[in-house]
Structures are given as structure tokens and as C-alpha cells.
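> Quick one: the structure is below, questions incoming.
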Amino acid sequence: MTNLMLIQSAISKLLPTDYVGFTFFVGCMAMMAASAFFFLSLSQFDKKWRTSVLVSGLITFIAAVHYYYMRDYWAAFQESPTFFRYVDWILTVPLMCLEFYLILKVAGAKTNLLWRMIFLSVVMLVTGYLGEAVFPESAALWGFISGVAYFIIVLDIWVGPASKLAKSAGGNVLAAHKILCWFVLVGWAIYPLGYMLGTDGWYTSLLGSGSVDVAYNIADAINKIGFGLVIYNLAVKSQPN
Ligand SMILES: *C/C=C(C)/C=C/C=C(C)/C=C/C1=C(C)CCCC1(C)C
């Protein structure tokens, strides 16, 4: 093999019109940059907040690694990297549940709140995977079950026990909890929309395949980096100075 051929086999060509590929590349870089930002900021926080900011960094770091693979996968096959996508989510979404728990601990949150959220998010993601990758012919049914789990998570944090804890914590914690609730209600709602865009015979004829990845990539950037910045901001505001 000549050197040129070696390079070609390691890097796939992306067409200048490959907008989906573009969002994979930008997403990858954004996750890397956000991770560096969260990790390098750690020493400025006292122990109470350090764990929360560390988890923000872990979320974007895990995503950065998966985006690195998804980017290549897309470039090589021009196909949705559904498997890597869901591996990423099954790791990062429970960590986002952990963030809710960590900030509500000051108000006495118990671990059963954490386990309940993790359980619901795992149900949401496993059924979503079944509908997207294993039984695409019954995508509507699996999508519906996944949607129910998502809806219960939304209720839990908006009006359930988590919201009561946030109210009793008050101040900065309450304000941050409110913003995170909006992320889950609006930012997370992009995912079921993406799922519908990716389901054959629904909207694929309208926007073409790959639009599901654009939706997921935009949603990930908003939800992982934005969510992390809310936690970072809470930690900054709560510093004793
Ligand atoms: C960082 C990744 C995040 C925050 C991923 C969140 C994913 C969801 C909220 C996915 C939800 C889905 C439904 C509510 C129904 C259709 C299937 C899913 C899995 C796309």
C-alpha cells in the first residue's frame, strides 16, 4: 500500500454536502471541549459541588468518545450509528438522573428517588432501542411505551417528590432545578421527534434518512453541554466567598 492509500483507508471522505456528517464532527469537538472545560474547572470548587461538576464532565466525556466512533461510522457507511447511540445514552442518561439527585441531596433526597429515575430512564431507552433497531415494524408500540416512561420522569421532576425537595432547598438549588426541568421537558422532547423522523414510512420520505441523526446530535449538544453548564453555574453561585 502506498502512503496515500493508507491515509484513505483510515479517513473516509466526507462530501461537502454531508450535513449529517458535519453535525457529527461538530458534536464530537463540542463534547471534547466541554469535557476539558468541566474537568479543568474542578479545582475551583469545594467538595460539596465538585462531584456534580465532575459528573457533568463525565457525561460530555462519555459522549465525546461515542461521537468519535459515531462520526467515523457515519463517514464509512452513511448509516445511523444506532448501536453506539444507545450505548452512549444508557450511560449518560442515568448520570443525568444522578445530577438531579446530587443537587437535591442538600434537601435530604433519598437514594430511592435516584433509583426510580434511573429505572424509568432505562425502560425509556431499552424500549426505544427495541423500536428503533430490533423490531422496527412495531416502532409505534415501542415508541409509545418509551414515551410513557419519559412522561413519568417529566411528572416526577416537575410536580413529584423531586420538585418538593427542590422547593424545600430553595435559593440557587430551586432555580437550577427549574432550568433542568425545562431541559427535560423541551430538550429531551427532541428525541422522540427524531425517533419519528427515523422511522421508515413516517417522515423519511419528507426529509430523507439521516435527519434522525441531525435531530439527535442537536439534542445531545443542548442537553449534555447545556445541562452541564447549569450545574456548573449552580456550583459557581454556591461558592462561599
Ligand atoms: C444525552 C442523551 C439524552 C439526554 C438522551 C435522551 C433520550 C430520550 C429522552 C429518548 C426518548 C425516546 C422517547 C421518549 C420515545 C422514542 C424513543 C426514544 C428513546 C428516542
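> Round to a whole angstrom and tell me the spacing of the C-alpha centers of the range 219-241 and the range 15-52.
Each part reduced to its Cα centre gives a spacing of 12 Å.
> Let me ask you something else. Can you tell me the length gained on complete extension of the stretch Phe119 to Gln44, counting 0.36 nm per residue apart and subtracting the Cα distance? Provide the component values of the computation, followed by the final result.
Numbers: separation 75, 0.36 × 75 = 27.00 nm, distance 3.32 nm.
Full extension from Phe119 to Gln44 adds 23.7 nm.
> In addition: Using unit Cβ charges (K, R positive; D, E negative) and no other charged atoms, how large, in debye to the nearest 20, is the dipole of the chain about its Cα centre? Please list the in-between numbers first.
Values: 14 positive and 12 negative charges, 239 e Å.
It comes to approximately 1140 debye.
> Please list Phe77, Phe227 in order of solvent-accessible area, largest first, computed with a 1.4 Å probe with all protein chains present. Walk me through the intermediate numbers first.
Numbers: Phe77 125, Phe227 0 Å².
The ordering from most to least exposed comes out as Phe77, Phe227.
> Continuing with the same structure: Report the extension gain between Thr51 and Leu95 in nm, rounded to one decimal, defined as 0.36 nm multiplied by the number of residues separating them, less their alpha carbon distance.
Details: separation 44, 0.36 × 44 = 15.84 nm, distance 1.16 nm.
Between Thr51 and Leu95, full extension yields an extra 14.7 nm.
> Still on this structure, please answer the following. Given a 1.4 angstrom probe, what's the average accessible area per residue across the range 10-140, in square angstrom? Numbers along the way, then the final one.
Working: 6600 Å² over 131 residues.
In whole numbers, the range 10-140 has 50 Å² accessible per residue.
> Sticking with this structure for a sec: So if I take the alpha carbon set of the chain, get Rg, then get Rh from the Kirkwood formula, what is the Rg over Rh ratio? Intermediate results must be reported in sequence, preceding the final value.
Numbers: Rg = 19.2 Å, Rh = 18.9 Å.
That ratio is 1.01, to two decimals.
> Calculate how large, on average over all directions, the projected area of the Cα convex hull of the range 91-173 is; give the answer in nm² to one decimal. The partial results should precede the final answer.
Numbers: hull surface 21.6 nm².
Taking a quarter of the hull surface, the average projection is 5.4 nm².
> Under a cut-off of 26 Å between alpha-carbon atoms, report the lysines in cross-link reach of Lys178, not counting same-chain residues fewer than 8 places apart.
Straight-line reach from Lys178, under 26 Å: Lys47, Lys48, Lys105, Lys110, Lys164, Lys167, Lys224, Lys237.
> What distance in nm separates the simple spin-label points at Val186 and Ala36, each placed 7 Å from Cα in the Cβ direction?
3.0
> Compute the relative contact order of the chain as a whole-number percentage, counting only Cα pairs closer than 8 Å that sit 6 or more residues apart in sequence. Don't jump to the answer; show the numbers that get you there.
Values: 260 pairs, mean separation 54.8, N = 241.
It comes to 23 percent, rounded to a whole number.
> Could I have the simple spin-label model distance between Phe144 and Val65, label points 7 Å from Cα toward Cβ, reported in nm to one decimal?
The modelled label-to-label distance comes out at 3.8 nm.
> Considering the options Val134, Tyr150, Leu104, tell which one lies farthest towards the positive end of the dipole of the range 2-237, charges being +1 on Lys and Arg and -1 on Asp and Glu at the Cβ, about the Cα centre.
Leu104
> Here's a follow-up. List the DSSP H helices in the chain whose Cα atoms stretch 18 Å or more along the helix axis and whose mean Kyte-Doolittle hydropathy is at least 0.5. Write down the numbers at each step before the final one.
Working: long enough: 19-41 (33 Å, 1.74); 47-77 (45 Å, 0.32); 82-104 (33 Å, 1.36); 111-129 (27 Å, 1.37); 139-158 (28 Å, 1.84).
Both cut-offs are met by 19-41, 82-104, 111-129, 139-158.
> Still on this structure, please answer the following. Once every DSSP H run of n ≥ 4 in the chain is given -39500 (n - 2.57) and the sum is divided by its residues, what mean residue ellipticity at 222 nm do you get, rounded to the nearest 500 deg cm²/dmol? Don't jump to the answer; show the numbers that get you there.
Working: 12 runs with 179 residues, N = 241.
The per-residue figure over the chain is -24500 deg cm²/dmol.
> With all protein chains present, calculate the accessible area of Val186 using a 1.4 Å probe and round the result to the nearest 10 Å².
80
> Tell me, what % of the accessible area of the range 2-237 is carbon and sulfur with a 1.4 angstrom probe? Can you show the working numbers first?
Working: 8580 of 11840 Å².
That fraction is 73 percent.
The values are calculated or read from the model by the stated rules, or taken from the named source; none is laboratory data. Source: prediction; values computed, not measured. Please note: Cβ atoms are built from the backbone with ideal geometry, for glycine as well, and neighbour counts cover all protein chains shown. Surface accessibility is based on the protein's heavy atoms, side chains included, excluding ligands, DNA and RNA. Shrake-Rupley method; radii C 1.70, N 1.55, O 1.52, S 1.80 Å.
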